[in-house]
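*Asks:* First the structure, then my questions, so here it is.
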Amino acid sequence: MQVAEPLELYNHPANMFVAGFIGSPPMNFISGNVQRDNVGIRFTEVDGGAVSLYLNPRLAGSAADNIGRTVVLGVRPEDVHLVGVSPRHDSASPVKVKVEISEPMGSETILHLSTGSASLVAKVGPTDQFKAGEEINVLFNLDKAHLFDYVSEQLI
């Protein structure tokens, strides 16, 4: 599928198979539509999911030729951040998700989350504990996210 050094595969996967194969837990994939409005290019999750956000310039440039089409947003678990403890370059719009499972792992907690139509995994701090069914807000680090073609699964 792709031949490269491990970090190249991790940071620049050519397709969804490579993106999901490299990394643990694997990359999250969210299907959605891309639309342009007077503010920018917006990604909106399909099937009534909670993810609706404006793409940063890099992703918007990739999505510009896919307006009106379904694409797949790929976000690694370590790039899903709790609101209030996130790095600078996250999506501007928080996404409300429901905690399905919280797994304390010692140095980190693995959260299994639901957007309403997609399941996500997030790696958060060891003291970030939540109960199943609890609703929380997260942000995505779009500087490290990827867009894939829905049909071919190739990087856009």
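FYI, it's all coordinate maths here, none of it is from the lab. Note that the structure is predicted; figures quoted are calculated from it, not measured. Heads up, the Cβs are rebuilt from the backbone with ideal geometry, glycines too, and the neighbour counts pull from every protein chain shown.
*Asks:* Normalised radius of gyration for the stretch 11-101, please: alpha carbon Rg relative to 2.2 N^0.38 Å, two decimal places. Don't skip to the answer; put the middle values down first.
*Replies:* Numbers: Rg = 13.5 Å, N = 91, 2.2 N^0.38 = 12.2 Å.
Normalised Cα radius of gyration, the stretch 11-101: 1.10.
*Asks:* Let me ask something additional. For the chain, with a Gaussian network of springs between Cα atoms less than 10 Å apart, report the residue from Pro126, Pro77, Pro94 with the top mean-square fluctuation.
*Replies:* The residue that fluctuates most here is Pro126.
*Asks:* Further, regarding this structure: With springs connecting C-alpha atoms under 10 Å apart, model the chain as a Gaussian network and identify which of Arg58, Arg76, Arg42 has the largest mean-square fluctuation.
*Replies:* Arg58
*Asks:* Which cross-chain or sequence-distant (5 or more) residues have an amide H under 5 Å from the amide H of Thr109, H modelled 1.01 Å from N in plane?
*Replies:* Val124, Gly125
*Asks:* Separate question: For a bin width of 10 Å, list the pair-distance distribution of the chain built from all Cα-Cα distances, rounded to whole %.
*Replies:* 11, 41, 36, 11, 0
*Asks:* Which whole-Hz couplings ³J(HN,Hα) result when phi for each residue of the stretch 28-38 is put into the Karplus expression 6.51 cos²θ - 1.76 cosθ + 1.60, θ = phi - 60°, listed in order with x for Gly and Pro?
*Replies:* 7, 10, 10, 7, x, 9, 10, 10, 9, 9, 6
*Asks:* At R0 = 30 Å, how high is the FRET efficiency between Glu5 and Glu135 if r is their beta carbon distance? Nearest 0.05 is fine.
*Replies:* 0.15
*Asks:* What does the charge dipole of the chain about its Cα centre add up to, to the nearest 20 debye, if the Cβ of each Lys and Arg holds +1 and the Cβ of each Asp and Glu holds -1?
*Replies:* Here the size comes out at about 300 debye.
*Asks:* Enumerate the residues in the stretch 1-36 having an amide nitrogen under 12 Å from the point lying 7 Å beyond the Cα of Asp149 toward its Cβ.
*Replies:* 15-16
*Asks:* Same structure again: Sequence-distant or interchain residues sharing an amide H contact under 5 Å with Tyr150, placed H: which?
*Replies:* Val72
*Asks:* Would you give the gap between the C-alpha center of the stretch 90-156 and the C-alpha center of the stretch 1-57, rounded to a whole Å?
*Replies:* Comparing the Cα centres of the stretch 90-156 and the stretch 1-57, I get a distance of 13 Å.
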